[in-house]
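Asks: Pasting a structure below so you can have a look.
Values quoted throughout were computed directly from the atomic coordinates according to the rules given, and no laboratory measurement underlies them. Remember, it's a predicted structure, so these values are computed and weren't measured experimentally. Here the Cβ positions follow ideal geometry from the backbone for every residue, glycine too, while neighbour counts run over all protein chains shown.
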Amino acid sequence: MNVVGLGKSGCAIAESLEQYPQYTIYKIDDGLKGKRCFSFPSCDHPEEYESKAPSMKRFFSKVDGDVTFILSGASKIAGACLRILEHLKHCNVTIIYIKPNLDILEDIKIKMHHVCFGVLQEYARSAALERIIIIENDSVESILGDVPIVGYYESLNKLITWTFHMLNVLKNSEAVMGKITKTKETSRISTIGTVDFEGGEEKLFFPLDNVREKCYFYLLKGEDLKKSGNLLKKITEQVKSLGSENARSSYAIYSSEYDQNYVFCFHHTPYIQKE
């Protein structure tokens, strides 16, 4: 899979995914150097990034198939995202959108976020994009608990990339039991998260409203799958308890060699998320 990081936040998360051999990483930002890096002209205003966006046809010449495009609306360079995405319209593009903490942003970046957040959701809902996965740093921080200032974003990015990667792996693996229902054509606005297998607490990376589809990926110890007689009952009851009246739920169980059990979730909706 090709991964494109735009701006400081997008590039940092893309770099975090570089540890996994399944991804080919491309980075776009001011002043970048190196392989598969594009040094974008520095501008003072988001509108300038859009109007002065250079051709990137050559940079993306080898990019095809599935693409994950990562950005934060807090980056001024996000103003060029639609111009950049034009070069990828032949690909199946999934956006990972990092929703910033608006309380600490300057006005111009808040306006930039509002524009990006709304437009990219509309693009996804109209199927111009494969999907948009919304992630909020505040939600990720609350899952991690106390996070030190030094290495703050590295800690958040590590959880984001690990969860995203594991979902990709499981979606392309054979389940021991169960099946993840194919997402409806209109449900292209999403978030990801985890579930505490023992306690059943669900922790989403963004508080998605009007969820219509919930998918649960159980990655369980192989020994437990062989010896525990009440495991299936526990899973079905847990999925039922996490469900809601307006959302359909599905699950799949996978065998793991890890020394603990993990549960990942992927939630979807056709509805635009408001601020």
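Asks: Past the 23 Å Cα-Cα mark, which pairs from LYS57/LYS184; LYS109/LYS184; LYS8/LYS109; LYS57/LYS99; LYS57/LYS111; LYS57/LYS109? Don't skip to the answer; put the middle values down first.
Replies: Numbers: LYS57/LYS184 33 Å; LYS109/LYS184 33 Å; LYS8/LYS109 14 Å; LYS57/LYS99 28 Å; LYS57/LYS111 29 Å; LYS57/LYS109 28 Å.
The answer is LYS57/LYS184; LYS109/LYS184; LYS57/LYS99; LYS57/LYS111; LYS57/LYS109.
Asks: For an R0 of 41 angstrom, estimate the FRET efficiency from the Cβ-Cβ distance between ILE272 and ASP224 and round to the nearest 0.05. Write down the numbers at each step before the final one.
Replies: Working: r = 40 Å, r/R0 = 0.99.
Between ILE272 and ASP224 the formula returns 0.50.
Asks: Gain in length, GLU47 to ASP30, computed as 0.36 nm per residue apart minus the alpha-carbon separation, to one decimal in nm? Display every interim value, and only then the final one.
Replies: Numbers: separation 17, 0.36 × 17 = 6.12 nm, distance 1.54 nm.
Full extension of this stretch gives 4.6 nm more.
Asks: What GluC sites (Glu not before Pro) in segment 1-103 are in a loop by DSSP, with at most 15 other Cβ atoms within 10 Å of the Cβ?
Replies: Details: sites: GLU15, GLU18, GLU47, GLU48, GLU50, GLU86; in loops: GLU18.
Those satisfying the criteria are GLU18.
Asks: Then there is this: Quick one: dipole size for the chain, taken about the Cα centre, charges +1 on Lys/Arg Cβ and -1 on Asp/Glu Cβ, in debye to the nearest 20.
Replies: Working: 34 positive and 36 negative charges, 213 e Å.
Dipole size: approximately 1020 debye.
Asks: Shape verdict for the chain, please, from the Cα gyration tensor: rounded (a/c under 1.5), prolate (a/b greater than b/c) or oblate.
Replies: Numbers: a/c = 1.83, a/b = 1.74, b/c = 1.05.
Because a/c hits 1.5 or more and a/b exceeds b/c, the chain counts as prolate.
Asks: Highest mean first, what order results for 66-78, 142-154, 209-221 on Cβ atoms within 10 Å? Intermediate results must be reported in sequence, preceding the final value.
Replies: Numbers: 66-78: 24.5, 142-154: 10.6, 209-221: 20.2.
The most tightly packed comes first, giving 66-78, 209-221, 142-154.
Asks: Same structure again: Give a residue-ordered list of calculated ³J(HN,Hα) values for segment 28-39 (Karplus: 6.51 cos²θ - 1.76 cosθ + 1.60, θ = phi - 60°; whole Hz; x for Gly, Pro).
Replies: Those phi angles translate into 10, 5, 5, x, 7, 9, x, 5, 6, 10, 10, 8 Hz.
Asks: Which residues in segment 158-173 place their backbone N less than 19 Å from a point set 7 Å from the Cα of ASN261 along the Cα-to-Cβ direction?
Replies: Inside the label zone: 167, 170.
Asks: May I ask you to compute the full-extension gain from LEU105 to MET177, defined as 0.36 nm times their residue separation minus their alpha-carbon distance, rounded to one decimal in nm? Walk me through the numbers before you get to the answer.
Replies: Working: separation 72, 0.36 × 72 = 25.92 nm, distance 4.60 nm.
That pair, LEU105 and MET177, stretches by 21.3 nm at full extension.
Asks: Right, another one. Antiparallel versus total DSSP beta bridges in the chain: what percent is that, nearest 5? Spell out each step's value before the answer.
Replies: Working: 21 of 58 bridges.
So the antiparallel bridges amount to about 35 percent of the total.
Asks: Would you work out the charge dipole size for segment 173-275 about its Cα centre, treating the Cβ of every Lys and Arg as +1 and the Cβ of every Asp and Glu as -1, and quote it to the nearest 20 debye?
Replies: Details: 15 positive and 15 negative charges, 86 e Å.
Taking the Cα centre of segment 173-275 as origin, the dipole is about 420 debye.
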